[in-house]
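K.L.:
Can you keep this structure in mind? I'll have questions shortly.
The values are calculated or read from the model by the stated rules, or taken from the named source; none is laboratory data. Note that this is a predicted model, so its numbers are computed, not measured. All Cβ positions, glycine included, derive from the backbone under ideal geometry; neighbour counts span all protein chains shown. Ligands, DNA and RNA are stripped out before the accessible areas are found, and what is left, the full protein with its side chains, is counted by its heavy atoms. Shrake-Rupley method; radii C 1.70, N 1.55, O 1.52, S 1.80 Å.
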Amino acid sequence: MRKYQDWMTVLSNRQIAKDVYEMKLEGEGAGKISAPGQFVNIKIASLESQPYLRRPMSVCEYDDHHLTIIYKVVGKGTQLLTEKKPGDQLDMLLGLGNGFPLPDIKEALLVGGGVGVPPLYELGKQLKARGVKITSVLGFNSQCDVFYETQFKALGEVYVATMDGSYQDQGTAVDVIRKRGLSYDRYFACGPEKMLDALVLFDDKNGYLSFEARMGCGFGACMGCSCKVKTKPYKRICVEGPVLEASEVIVHE
Ligand SMILES: Cc1cc2nc3c(=O)[nH]c(=O)nc-3n(C[C@H](O)[C@H](O)[C@H](O)COP(=O)(O)OP(=O)(O)OC[C@H]3O[C@@H](n4cnc5c(N)ncnc54)[C@H](O)[C@@H]3O)c2cc1C
Ligand code: FES
């Protein structure tokens, strides 16, 4: 697999929800991204200091010279990212993973959970540009976690689900799909494993799911992200994923 390294310059880095930040970057490397749902792998500190592993992040939006990531602070690496200022440079591997397909359909349902929401935004923009009707269901724990509702509203109808019921529908994204009887030709999802499992149990034929499994190298060398699927003994999420078809996913016990 080919991997492209480049330096990207930070344009902005702002908090948009509880512990969640949006970072916009500029650089030629953005031109290496070829599909919505691909990810970048960011070297957050130098090899001499921790953390030395790269950190994978989905691309939320891109064009030939720019990209946006949205990240939640969960540990040292993402905490260090919050300190980046406009003009700082980040060493990135770009255009990683397969990304979402753009099938010939009339209606798409985007289902995002937490920081699984970002890659669905670029996907929604590209599907809408092809004339596809977009409905989005965005799931969060609480109102303080909600982000990008306005951006998704520009694509079509949006339902927000919160686990504690503090904003819009109470429950999971799948609860909302059932309750509202939402229609679609294909669904496209990214989020926590539990949400993806629930979607496969709901419909294992007409969906694509993006997995944000823990990774090592991020480009196919270490096997650290291998996952069992129905069609093969295993797939490496970083190369043959992160997007898998619902029909090949084995639901976790
Ligand atoms: C393909 C892909 C795309 C991703 N896209 C995004 C994104 O768009 N936005 C975003 O916020 N995050 C995303 N992630 C997750 C992100 O990579 C991790 O949150 C990040 O690497 C954590 O780094 P850290 O040094 O801050 O935390 P660490 O110190 O490495 O870990 C802190 C805590 O978070 C847990 N953790 C770390 N990584 C993961 C993971 N992948 N899944 C579940 N728990 C984890 C650890 O077990 C630990 O408890 C993505 C992951 C993958 C594989
Ligand atoms: S993370 Fe190393 S093979 Fe996928």
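K.L.:
Taking a probe of 1.4 angstrom, what is the accessible area of CYS225 in Å², to the nearest 10?
P.N.:
Counting only protein heavy atoms, the figure is 10 Å².
K.L.:
Here is a follow-up. Per-residue ellipticity at 222 nm for the chain, helices alone: DSSP H runs ≥ 4 residues times -39500 (n - 2.57), over residue total, nearest 500 deg cm²/dmol? Walk me through the intermediate numbers first.
P.N.:
Details: 5 runs with 42 residues, N = 253.
Helix-only estimate at 222 nm: -4500 deg cm²/dmol.
K.L.:
Full extension from GLN79 to ASP175: what is 0.36 nm times the residue separation minus their Cα-Cα distance, to one decimal in nm? Could the numbers behind the result be given before it?
P.N.:
Values: separation 96, 0.36 × 96 = 34.56 nm, distance 3.26 nm.
Length difference between fully extended and current span is 31.3 nm.
K.L.:
So with the 1.4 Å probe, I'd like the accessible area per residue for the chain, rounded to whole Å².
P.N.:
Solvent-accessible surface per residue comes out at 46 Å².
K.L.:
So between ALA213 and GLN89, what do we pick up on full extension, going 0.36 nm a residue minus the alpha carbon distance? If you can, show how the numbers build up before the last one.
P.N.:
Details: separation 124, 0.36 × 124 = 44.64 nm, distance 2.61 nm.
Residue separation times 0.36 nm, minus the Cα-Cα distance, leaves 42.0 nm.
K.L.:
Search the structure for amide H atoms under 5 Å from the amide H of LYS133, placed 1.01 Å from N in the peptide plane, and list their residues when 5 or more places away or on another chain.
P.N.:
HN-HN under 5 Å from LYS133: GLU107, ALA108.
K.L.:
Same structure again: So how strong a dipole does the chain carry about its Cα centre when Lys and Arg Cβ are +1 and Asp and Glu Cβ are -1, to the nearest 20 debye? Walk me through the intermediate numbers first.
P.N.:
On the way: 31 positive and 31 negative charges, 63 e Å.
That gives the chain a dipole magnitude of about 300 debye.
K.L.:
Post the alpha-carbon centroid distance, segment 49-106 to segment 221-243, in whole angstrom.
P.N.:
With segment 49-106 and segment 221-243 each reduced to a Cα centre, they are spaced 20 Å.
K.L.:
Whenever you get a sec, compute what percent of the accessible area on the chain sits on carbon and sulfur atoms (1.4 Å probe).
P.N.:
Values: 5700 of 11700 Å².
C and S atoms contribute 49 percent here.
K.L.:
While we're here: Check the chain for me: any Cys whose beta-carbon has no other cysteine beta-carbon within less than 4.7 Å?
P.N.:
When partners are defined as cysteine Cβ atoms under 4.7 Å apart, the chain leaves CYS60, CYS144, CYS190, CYS225, CYS227, CYS238 without one.
K.L.:
Efficiency by 1/(1 + (r/R0)^6): what FRET value for GLN151 and LYS72, r their Cβ-Cβ distance, R0 = 22 Å, to the nearest 0.05? Could the numbers behind the result be given before it?
P.N.:
Numbers: r = 17 Å, r/R0 = 0.77.
Efficiency computed from Cβ-Cβ geometry: 0.80.
K.L.:
A follow-up question, please. Specify the residue with the greatest mean-square fluctuation among PRO192, PRO242, PRO56, computed from a Gaussian network of the chain linking alpha-carbon atoms under 10 Å apart.
P.N.:
PRO192
K.L.:
Now, a different point. Among GLY220, GLY112, GLY165, which one shows the highest mean-square fluctuation when the chain is modelled as a Gaussian network with alpha-carbon springs under 10 Å?
P.N.:
Comparing GLY220, GLY112, GLY165 in the GNM, the peak value goes to GLY165.
K.L.:
Report the extension gain between ARG14 and VAL251 in nm, rounded to one decimal, defined as 0.36 nm multiplied by the number of residues separating them, less their alpha carbon distance. Each step should come with its number before you reach the end.
P.N.:
Details: separation 237, 0.36 × 237 = 85.32 nm, distance 3.60 nm.
Extending this stretch completely gives an extra 81.7 nm.
K.L.:
Considering the zone a paramagnetic label at ALA45 would reach in this model (a point 7 Å from Cα along the Cα-to-Cβ line), which residues of segment 85-111 have amide N under 18 Å from it?
P.N.:
85, 89-92
K.L.:
Shifting gears a bit: How long are the semi-axes of the equivalent ellipsoid of segment 107-248, taking √(5λ) for every eigenvalue λ of the Cα gyration tensor, in whole Å from largest down?
P.N.:
Details: eigenvalues 129, 54, 45 Å².
After diagonalising the Cα gyration tensor, the semi-axes are 25, 16, 15 Å.
K.L.:
Given H placed on each backbone N at 1.01 Å, which residues far from SER226 in sequence or on other chains put an amide H within less than 5 Å of it?
P.N.:
Counting only residues 5 or more places away or on other chains, the set is ILE237.
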